[in-house]
Amino acid sequence: MMYGAKNGSIVIDGTNMHYISFGKGHKNLVMIPGLGDGLKTVKGMAATFAVMYRKFAKDYKVYVFSRKNHMEQGYSTRDMAFDLSEAMKRLGIHKADILGVSQGGMIAQYLAIDNPDMIEKLVLAVTLSRQNETIQNAVGAWIEMAKKNDYAGIIIDTAEKSYSEKRLKKYRLLYPILSRIGKPENFDRFLIQANACLTHDTYDELDKINCKTLVIGGDSDMIAGKDTSRETAEGINGSKLIIYKGLGHMAYEEAKDFNKNVLYFLNGE
């Protein structure tokens, strides 16, 4: 398969955790996706991710982990980080660079706080370290939609709050299709993960992150909040910060130099 892409799963607490891998580098890079994982895991997505992040395939063996399939009520971002660390150890990943996006960035923070020896470098993209009105309103609305089985509403509202107006002009044409494809059998995983977003708080522990860290955000983020990336970076000693002007929560997808900037940081001194 392209770039050595493979689909896999590992058993954690009696349930499967799906992951994918690609690339043939000698270094490990672990990518942690956002809340969308609650609607669809990475199962079967190895080739797609390998193409999207092919720039990393030369230097890295890349792993992308979903959360475990069945979660208990109250399952937190710290719990998710613990389970991820266990999965990494079982796969022989004892040291890795970490890229966490959105809720994945929340999990990555706890991974770095609780398992510092496992982290080489850390990239936190479009994420936050403590609660604010913006994320409470955004995710709170999705929770209410999920309770009403309104998958289309979640997909459309997420897009409207994530992309720049320039991208939305094209993306809106796809709403009738996107709002019907990929609907989960139920919203249990999504609701648990969404509630974990709304209780996440590492703000007072950010000084425990001692690895080299890059924080990336957009100044128009209508999900995590406009100032959360700067706030998070200020709490991590020696961290670097990139803010994309005019971009929001999908800055990691819309910014043409996102992957380039991440690689430059990871491969730098």
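The values are calculated or read from the model by the stated rules, or taken from the named source; none is laboratory data. Note that the structure is a prediction, hence the values are computed from the model and not measured. Glycine gets a Cβ as well: all are built from the backbone with ideal geometry, and neighbour counts include every protein chain shown.
Quick check on the stretch 227-244: of everything there that is of a type in the set (D, E, K, R) and in contact with a strand residue (DSSP E or B) (Cβ under 8 Å, 6 or more places away or on another chain), which residue is nearest to R167 (Cα to Cα)?
Out of the qualifying residues, it is R230.
Considering only residues that are assigned to a strand (DSSP E or B) and of a type in the set (A, V, I, L, M), look in the stretch 3-24 and name the one that is surrounded by the most Cβ atoms within 10 Å (Cβ to Cβ).
Only one residue fits best here, namely I20.
Considering only strands (runs of 3 or more DSSP E) fully contained in the stretch 25-129, which possess at least 1 residues that are in contact with a Lys or Arg (Cβ under 8 Å, 6 or more places away or on another chain) and polar (S, T, N, Q)?
The strands (runs of 3 or more DSSP E) meeting that bar are 27-32, 60-68.
Here is a yes/no grid of residues against (1) out of contact with any helix residue (DSSP H, G or I) (no Cβ under 6 Å at 6 or more places or on another chain); (2) closer than 16 Å to N195 by Cα:
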site: K27; (1), (2): yes, no
site: M31; (1), (2): yes, no
site: L39; (1), (2): no, yes
site: A57; (1), (2): no, no
site: G92; (1), (2): yes, no
site: A96; (1), (2): yes, no
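Those residues that are within 17 Å of the chain's Cα centre (by Cα) and not in a loop (DSSP other than H, G, I, E, B), I need them from the stretch 202-232; list them, please.
T213, L214, V215, I216, G217, G218, T228, S229, T232
Could you check K43 against (1) over 30 Å from Q136 (Cβ atoms); (2) crowded, with 18+ Cβ neighbours inside 10 Å and say which number it fails?
Exception for K43: condition (2).
Among the residues of the stretch 170-177, is any under 21 Å from E254 (Cβ atoms) and either in contact with a strand residue (DSSP E or B) (Cβ under 9 Å, 6 or more places away or on another chain) or buried (at least 17 other Cβ atoms within 10 Å of the Cβ) (or both)?
Scanning the stretch 170-177, I find at least one residue that is under 21 Å from E254 (Cβ atoms) and either in contact with a strand residue (DSSP E or B) (Cβ under 9 Å, 6 or more places away or on another chain) or buried (at least 17 other Cβ atoms within 10 Å of the Cβ) (or both), so the answer is yes.
When both residues are 6+ apart or on different chains and their Cβ atoms are under 9 Å apart, which pairs have a first residue that lies in the stretch 240-264 and is in a loop (DSSP other than H, G, I, E, B) and crowded, with 22+ Cβ neighbours inside 10 Å, and a second that is modelled with pLDDT under 95 and among the acidic types (D, E)?
So the pair list comes out empty.
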